[in-house]
1. Quick check, is CYS185 assigned to a helix (DSSP H, G or I) and closer than 23 Å to ALA45 by Cα?
2. Determine, yes or no, whether PHE81 is in contact with a Lys or Arg (Cβ under 8 Å, 6 or more places away or on another chain), buried (at least 19 other Cβ atoms within 10 Å of the Cβ), within 27 Å of ARG157 (Cα to Cα) and in contact (Cβ under 8 Å) with a residue 24 or more places away in the chain.
3. Determine which single condition GLU238 fails, assuming it passes every other condition in (1) part of a helix (DSSP H, G or I); (2) open to solvent by less than 60 Å² (accessible area, probe 1.4 Å).
4. Determine the pairs where a residue that is in a strand (DSSP E or B), located within region 136-148, has a partner that is among the aliphatic types (A, V, I, L, M) and open to solvent by less than 40 Å² (accessible area, probe 1.4 Å) with Cβ atoms under 9 Å apart, the partner being 6 or more residues away or on another chain.
5. Output the number of residues of region 48-68 satisfying the condition of being under 17 Å from VAL82 (Cα atoms), of a type outside the set (Gly, Ala, Ser) and not in a helix (DSSP H, G or I).
6. Does region 190-223 hold any residues that are more than 22 Å from HIS6 (Cβ to Cβ) and charged (D, E, K, R), and which are they?
7. Any idea which of (1) out of contact with any helix residue (DSSP H, G or I) (no Cβ under 6 Å at 6 or more places or on another chain); (2) without any contact (Cβ under 8 Å) to a residue 24 or more places away in the chain is the one ARG109 doesn't satisfy?
8. Determine whether region 69-78 contains at least one residue that is in contact (Cβ under 8 Å) with a residue 24 or more places away in the chain, outside any loop (DSSP other than H, G, I, E, B), in contact with a Gly (Cβ under 8 Å, 6 or more places away or on another chain) and surrounded by fewer than 18 Cβ atoms within 10 Å (Cβ to Cβ).
Amino acid sequence: MARLRHTDWPDRLWIVRHGQSAGNVARDAAELANTHLIDIDTRDADTPLSALGQRQAQALGEWFADLPHNRRPNVLLTSPFVRAQQTVHAVADALGIDRDEIGVDERLREKEFGILDRYTVAGIRATFPELAEQRALVGKFYFRPPGGESWCDVILRLRSVLEVLRRDHVGDRVLIVGHQVIVNCFRYLLECMDEKQILDTDRQADVPNCSVTEYAIDRDTPDARFELRVANFALPLEEAGAPVTVEADVPVGPR
């Protein structure tokens, strides 16, 4: 196979976490009440945005629409989960892109938590003490709950997404809407991190809802590389006066 050049990338790539979800709100209530289970009626894939999350998604769309035309996304990809699709729909509407043109890709879905789905941290410790102990020993990068995924499993599926970007979207401006772990796992791949580096990055701060992580390449510069321009950029919300939230996605298992 021919060696891929540094220039075999989209012109720009934005990776965005969805807006605040109704699951985030339910999780906060469960943690505040010190209960073991999160009280929410929908399965994780069907959990919608909260009212605040809808405002955040609209603010994100307006921010992208204010960019010069040649710097706006022309390719939209999203997780199939409802909260991510609602977020990217707001962006598509603001940009005048038909929703039918959005690529829905199951590889961009949330990390699967398996048996730990819907449990709070306290609930996991109380109900599955052996799993909690195993995770502490193995570390969350490699820990895979029964029926769920490790971070490595998520990274494996994202590797093939990167190959699609380098094959089909060279020169495009691509927006991906996903989840917190998706953002971090893309960073692991694109910035050639190791386990310690990505977990240190994860510990520093959660990924704010509707924040922007951007990669780009300067095609006018010889030997230019595709590289990080900004990480977890929350200015689109701040400019619109929409509160910035950093709550983790539901289900709350070990991220």
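1. yes
2. So PHE81 fits the description; yes.
3. Evaluating GLU238 over (1) part of a helix (DSSP H, G or I); (2) open to solvent by less than 60 Å² (accessible area, probe 1.4 Å) leaves (2) as the failure.
4. GLY148/LEU116
5. Residues in region 48-68 being under 17 Å from VAL82 (Cα atoms), of a type outside the set (Gly, Ala, Ser) and not in a helix (DSSP H, G or I): 2 in total.
6. GLU195, LYS196, ASP200, ASP202, ARG203, ASP206
7. (2)
8. No, region 69-78 has no match at all.
The values are calculated or read from the model by the stated rules, or taken from the named source; none is laboratory data. The model shown is predicted, which means the values in this text are computed figures rather than measured ones. When we count neighbours, we look across all protein chains shown, and the Cβ atoms used for this are built from the backbone with ideal geometry, even at glycine. Keep in mind that these areas ignore ligands, DNA and RNA; they rest on the heavy atoms of the full protein, side chains included. Shrake-Rupley method; radii C 1.70, N 1.55, O 1.52, S 1.80 Å.
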